[in-house]
Structure formats: structure tokens, C-alpha cells
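Let me begin by presenting the structure, written as C-alpha cells, before commenting on it.
The values are calculated or read from the model by the stated rules, or taken from the named source; none is laboratory data. Just so we're clear, the structure is a prediction, and the values are computed from it rather than from any experiment. Quick reminder, even Gly has a Cβ in these numbers, built from the backbone with ideal geometry, and neighbours come from all protein chains shown. These accessible areas exclude ligands, DNA and RNA; they are computed on the full protein's heavy atoms, side chains included. Shrake-Rupley method; radii C 1.70, N 1.55, O 1.52, S 1.80 Å.
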Amino acid sequence: MIRFILLMTMWLVALPAFANQSIPVDTGKVEASLVSSHNVVPPGGKFHVALRTALDDHWHTYWRNSGDSGEPVFVDWKVPEGILVGDISWPLPRTLATGPIINYGFEGTPLFPVEFTLAETAEIGSVFIVEADFYYLVCKDVCIPEQGKASLPIKVGPAEADTRWQAEINAALAATPKQSGIKGTIKKTAETVIMGFTGASSLSTAQDVHFFPYDQGVLGHSAPQAVRMGAKGLEITTAADYIWDNPMAETLSGVLAFTENGQRVGHEVTLAIGQSIDLGFAAVKPQAVGGITLLTAIFGALIGGLILNLMPCVFPVISIKALSIAKSAHGERSAIKREAWLYTAGVVATFLLLTFALLALKAGGSEIGWGFQLQSPKVVGVLAVLLFVIGLNLLGTFEFGSSLQNTGAELTQKSGAAGSFFTGALAVVVATPCTAPMMAGAVGYALAAPAAVTLAVFMALAIGFALPFLLIAYIPGMISKLPKPGPWMVTFKEVLAFPMFAAAIWLVWVLSLQAGEAGVLYVLAAMLAAAFAIWCFKRKARPVKIIGVMSMLAALALSVSLYPKQVALSHEADAWSAARVSELQAEGRPVFVDFTAAWCVTCKVNEKVVLDQARTRKLFGDTNTAFLIADWTNKNDVIAAELAKYGRAGVPLYLVYNQDSVSPVILPQVLTYDVIREAIAGK
Amino acid sequence: MRIMKKSLILSVMSAVAFAVPATAKISTGSNVADMTVVDSNGQTHNLSDFAGKKVVLEWTNDGCPFVKKHYKTGNMQKTQKLATAGDDTVWLSIISSAPGKQGYVSGEQANELTVSRDASPTAVVLDPSGTAARSFDAKTTPHMYIIDEAQTLVYQGAIDDNSSARSSTVEGAKNYVTAALDDLNAGKAVAVSETAPYGCSIKYK
């Protein structure tokens, strides 16, 4: 007690020169005191007084929203009338985990500054007291409510800052999360809330992102916050809490915290409810998409391109080319190399054309993906007719000007070059419908990346595609491995006509889904016109040839006059929509979403081999799993956007929302029964 | 082939990486799954045994300042007596503190606490493994749940609307549990069916 009086006296005597801090109060686990930015404040002047709390090691106090448990720090200020008291400038909180419980709070020595404004009428030379009753719950594994009282004298007169405490208070104020240019939105779907943040370039490089809501009940504090980076901002998906079922204000606020250049920062953000913003996910940065790096993507594309050669629609074209090279094998090696390079040039040029078309569409704001060409029935129609014509050619119905099976002697240099180039281009055109599983990731990555990266990946795809021929030309032993040319080649070539017809039939079927019965009629008529044109060309008479040209034009005209039909509404029951998923989840049912398209081979194989099987249907029945189809056969921006959400630029994509999952499980592109069963069971 | 396999594994891994762990909160208005618990006298109860009655669950920890606030002021005892006055409501106080953690008690100690605090729960459930707490996604002490006669969860959250551990805050606070039971007894739907629980964290293992 004597010590206390002594201290008190010393402090009062030394007042003007003393650092402006109240006598520290030891409340148990915390040593608390009041500190002021100023010793002397002029009338009408502003100053800050902060509650400074030095916590024992590993003990914590709580932020304005304490999280799952706990209680915020509370201060009751008592000042003479006429002094304006502001709100606490809360420090940036951190998450504190105790078992499965997440709290928002502070360790160390947090400061809770408050701005005071002195009345204009304050009398110069007078002294007033700032007094605080404070209370906080301080916790480690157990909690202790502690409280205390502290006071601080401030003199009225010409401003005199307290350098020691002003620096600490200013640092605390600078670190307080404030409104910046960051805009935010929040939206609830099913059991999750999705928040979008944009408006600061630092967002795209932010690390350890966490959103702290000011209010309880908005989101599950202990639920993980899944963060996805876009070019224009970032998105956080987490579990929704109960507030969403109650009447709400139009906005919610909180603090978005992240690490920027090694520094922890926080921004106060007001979230517009029920809205979403463009976060630039179409242009996601390389490292952000599912861990695929540029090198992996290029390698994947290279392998994917190689595999494309084996696709049923490509194989015949390639085989013929291989055979024509085998034939030249007895000629000069340089000629083979030249052919291989011309073929590669054809492939690369066509891929370049496709890439530029893709980039142009992307720049135009379209949501596009791999296989986008086949979303237009016109392209499908032209391709079907083209495959049919190639089939006829393989059967020997007619020969192209620079026919492939001709012995080199009849060919001029020029037509040989054109032939190789044309074969390369044709191979690419017929290959596009076939998405090799390996390629989807790489292409998805490429489409989401900047233009230069898109180009690099597609070029890797092109090189991979052309690689077999380059290998044949450059690896010495390879040519001799090819079968010896002979009469059998004619038979082989004729046999290859049938996969071509099969591919054409498939495309006609695709058309029947895209453009309906009328579409089938048009394309079959176009095939008839094309066949008639070919017959006409074989006649000697000039007028007949003219009829042939007209017939060919008619075939083309018929193909390009195909239009997508309206999707029948009767299909709506099983049609995918984000809202439908939410509804079904709310009913407690697992949901399987099949992102598919009629022109997607992998999708059709999965549907035939796995999804359409009796035991899969039984599995869905037994687990009461709802089956939703997102049909991307025709252009659909909503589906494209959903695909992009999962880093995909094309179908197939299979999602399983099991009963209690926040985000869906993404199944591999090649489905098996067991994979589906485990995903539904939530394993 | 080896490289191909590797990159295939890579792409599958990247797809799997999107999966996020689950949370298990029971949504208000949905049915409560049956649960078997053991009380302080070693007796076993099934939640389904209480079908046809209302069940109040109170997560508690006698060392927690928030729990102390409600027992020292007599508020929790009052709420219990009001609730169990008729024969149609069962009150289970549940202790989920893990052994060695604050609030962990033996059956005997639990009974002593009931006597010394003049509390009147139907039974005190001992849940040191935290199984019951996890199945309800209980966060705090106190954390209150009300299950109706049809075993539907009709209320979850705080005991009242003043989320402080200070004793002075009991008076004048709106007691959500009493209000919800009044609504049920009047044959009405529970007006406030979910609130943010407040208190100490449950001392999970």
C-alpha cells in the first residue's frame, strides 16, 4: 500500500514529463493500462487513448466477433461531458484453434485505441481524467473473466504529443483493418456461402486468406475457408450458418485478412448480399489451377497429342499417310523428311488457326472450351459430309487430284507438298472431337491462362500430334519397321473407309441432338449432293462437271444452314442448375452431376460403360442419389462458367455432392463404379 | 509409359485436391438421429426413449465462467425447473470435457454438483469422448438444444441474448430456451429457432 501511494505521488508530481500511461493493473493473466497519444490537447483537438493489454504467454482475448466461443474485450469509458468518445479500432484478429473450436482473437500485447474529441469550450490549463472500466475473458485451455479500472489525466493546452505511446498507438491504428478499394459480395448456395473480393491488385498474390465476419451466424467459424484465386480477385467458399434463414440486412461486413509480401494485413470489406462479381476466373494464374504447372501442361499436351493419333476418327487418315511415307521409304531420305515436316506444318498451322479462333472468342467474352467447334451444328454438318467424302475416297470411288496412293512419279513436287500439308490439316480437323483424357487438364489450363501460355500449350499439342511422323523420318531404324508396300495396301485402305463412315454416322447422331430431325435431313441431303457431285466430276462432259460444282455448293449450303434447335423443356427435371443442386442437398440427398455433350467421346464411353449400367442405377437408387445432367452439346455460358470453376475448359466433368460436403468431390475423367460408390459414401 | 503414368497420377491428384472435409451440424427443423448416452449413475439412455416428450440438451462445464454466471445467479436452475415442471419435458445436462480438461467429472462428482447447485436436470450425461457433442456440433458451454416430441430439432444456440460472462447481464436478458418451450407448449412453432451459442469452448479431447 505504501508503495502504491509512493508511486501515485511520484506519478502525479512528474505528470507533465511522465510518459502518459495509467498505472498498470494486473488483472491476473493480463497487465492492463491506459496509454494516450497526447499529454496535452488543445480545445477541439483529437487524441487517442488505448487500452493496452499485455497477455501472459499463450493466453488470448477476443475480437469484436469472438468466433465459436469466448467474449469480446469490453471497455466502458467515463469522460467529462463534452468529450466525444469514438469506437474501438479493433486490431487485426487471428484464428485461435482449440480442438474443433475456432475463435477470433489476440495473443501478445494488443492495443484497443479509441479516438476522443475535446470540446471547443474546454478551458486551457485545466486537467481532465479519462477513466475506463474494462472487462475481458482471457483464455488458454480454460477461461477467466477479468476486469479492472484505469484512469489517465490529460491537460488542455497547446498540443503536446507523448512520443513513446503515440508511436505505439499510431502503429496500432495503422494496422487496424480499414475500408480500402476492395469490394465484396456474398451469396448462399445450399449449405455454403461464396464470397467474392475484388478491387485490389494485391488480392491475386494474397496468401493465407481468411475472412472474419463482424456478425455471428454468417458462416461456420470452424469450417475451412476454401480460397480460389482469379485474375481480378479471389473467392472464398465456406459453410453457411443459421443467419441466412432469418431476415437480414442488405450488407454484411467483416475483415479480409491475408499475407502480402510476408506482412499480415487486413481490410474492412462490406459485402453485398446475394450478388456475385467477375473475379476473372477465365484468366486464372498458372499456379492456381489444381496445381498444374506450365511444364506439366505442356508435357500433358504433348502426350495428349500423341494419343490423339489413335482415335477412331483420326487413325485412318494417319495410317494412309504412314503408308505413303512407307512407300517413299525406298526413295530418298530427304524426301521423307520433307514430307514429315510438311505434314507437321499442316498440323501446326491448323492448330494455330484453331488457337487464334479460340483466343479471339475468349477476347470477345465468350465462354468456350475444347471441342467448342462441335458446338456449332454447321461445323458438325460440314465434318460429317467431309468424313463421308473421305470414306468414298478410301473405297476408291474417286481419287483426289494429288491422290495419296499414286506413285510419286506422276506427282509434281508442288502437289506432293500440298498433299502432305493437307493431310496434316485434315487430321487435326477430324481429331478435334476426340478429347483424349490426358489432354483435358492441359487444355483447361491453357484456356484459363494468358494468351502466350495458351499458344504454347496448343503448340505442344500440335507437335505431339505430328510427332510419329517426325520420329519415322528422323530415327533411322523406323522406316524399315514399317510394313513393305504391296497390293495389300489397297485392301487396307478400303477397309479404313468404314471407320470413316462410322465417324460420319456418329456426327449425324450428334446433329440429331443438336439440330433435331430437320438437321438429320439436311446433312443426309448434303451427303447425297456431295456423292452426286463426285459422280459428276468423273464424267468427261463439261456441263456435267458444272452440275457437279453446283451440287457441291448445294452440299455446303445445306450443311451451313443447320441451326441448333431449342432444348426441350420436358428434360428440365434432370437438368443441372446450381439452384437444383442446392434444393436436392437441402432434401438431404447426394447429388451426382454429369457434365456432358453429345459430341464428347469420353462422356459417351463413360455413360455407356459405367453410368448406364444396372448396378450404377441401383447404387443411385439405394443411396437416393439425384442424377443431374449438364448438357453442353450446345453453347451454354452458365455451364462453361461452372466448368471453369473447377479448372476445366471442357467436358466430361463429374461432381458428387455427398450429404454433408461443403464442396463437391471431383471424380476422375475416366469413371469406374467404385469411384462413384466411394464418392457418394463420402470416403 | 512410366512418365505417362506419373503424369496421369498427377492429373488425378490435382482433381482430388479439390475435395474439402465435411462438417456435421444438424440443421434446425431436421430429425435428430438416435444416440445412446450414459448418465452420472451409469444408466444408459437412448434419445429415442424420449420420443413423445420434449428434450432439452444443456452442454455444461462447471469451471466455465459463462456456466458459473447462469448457475450462480440461479438462472439455469430456474430455466430447468420451468422446463421440467410438467411431465412432458426431459432435461439432459451433458458434460463433454475430456479427462484432464476443465469440467471433467466422475459420476459421483456430477451428482454432487447437481445437489450443491440445487439443479434439477432429468439426468446428467457424461460424454468424455465428446461423441455426443460432435454429433450435435456443440461448440460452447452453455450450448442449448431443444428436440420436440417428434424428435425434430426445434432450437439450437444460446440460452439467452446476452453473451457475456458477467453476472450483471443475466437480468433483463431474453431466455431463448424458456421462450421456445413456451411456444411449443402453446402449440406454436418456435419463433427464434436458432441463435449463435456463446460461452467457453467445449473442452474436447
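Odds and ends about this structure:
- Among the GluC sites (Glu not before Pro) within region A:210-271, those in coil by DSSP and having at most 16 neighbouring Cβ atoms inside 10 Å are A:Glu250.
- Note on region A:118-232: Rg/Rh from C-alpha atoms, Kirkwood Rh, equals 1.11.
- Protein accessible area in region A:107-157, 1.4 Å probe - carbon and sulfur %: 49 percent
- Region B:83-172: GluC sites (Glu not before Pro) in DSSP loop, at most 15 other beta carbons within 10 Å: B:Glu149, B:Glu171
- Each part gets one Cα centre, and for region A:149-227 versus region B:123-147 those centres are 33 Å apart.
- Kirkwood Rh, Cα atoms: Rg over Rh of region B:114-205: 0.97
- Compactness of region A:13-175, taken as the C-alpha radius of gyration over 2.2 N^0.38 Å, stands at 1.08.
- For B:Glu171, the shell of other residues with beta-carbons less than 14 Å away shows a net charge of +3, using +1 for Lys and Arg and -1 for Asp and Glu.
- Solvent-free Debye scattering, log10 I(q)/I(0), computed from the Cα coordinates of region A:179-279 at q = 0.13 Å⁻¹: -0.40
- Projected-area mean, chain B, by convex hull of Cα positions, square nanometres: 14.8 nm²
- Proximal charge balance of A:Ile88 [Cβ under 12 Å; K/R count +1, D/E count -1]: -2
- Region B:87-128: Cα Rg divided by the 2.2 N^0.38 Å rule of thumb: 1.19
- Buried on assembly, region A:56-94 (at least 20 Å² less accessible surface than by itself, 1.4 Å probe): A:Asp68, A:Ser69, A:Gly70, A:Glu71, A:Phe74
- Only helices enter this figure: runs of n ≥ 4 DSSP H residues, each worth -39500 (n - 2.57), summed and divided by the residues of chain B, yield -8500 deg cm²/dmol at 222 nm to the nearest 500.
- Cross-link reach list, aspartates and glutamates versus A:Lys608, counting only Cα pairs under 14 Å and skipping chain neighbours closer than eight places: A:Asp594
- Computed from the C-alpha gyration tensor, the three semi-axes of the ellipsoid equivalent to region A:570-681 are 19, 17, 13 Å, from longest to shortest.
- Total accessible surface hidden between B and A, rounded to 100 Å², 1.4 Å probe: 3100 Å²
- Taking Lys and Arg as +1 and Asp and Glu as -1, the other residues whose beta-carbon sits under 13 Å from that of A:Thr237 total +2.
- Folded to 0 to 90 degrees: helix B:75-84 orientation relative to chain B principal axis, Cα: 90 degrees
- Overall, the accessible surface of region A:570-681 at a probe of 1.4 angstrom is composed of carbon and sulfur to the extent of 53 percent.
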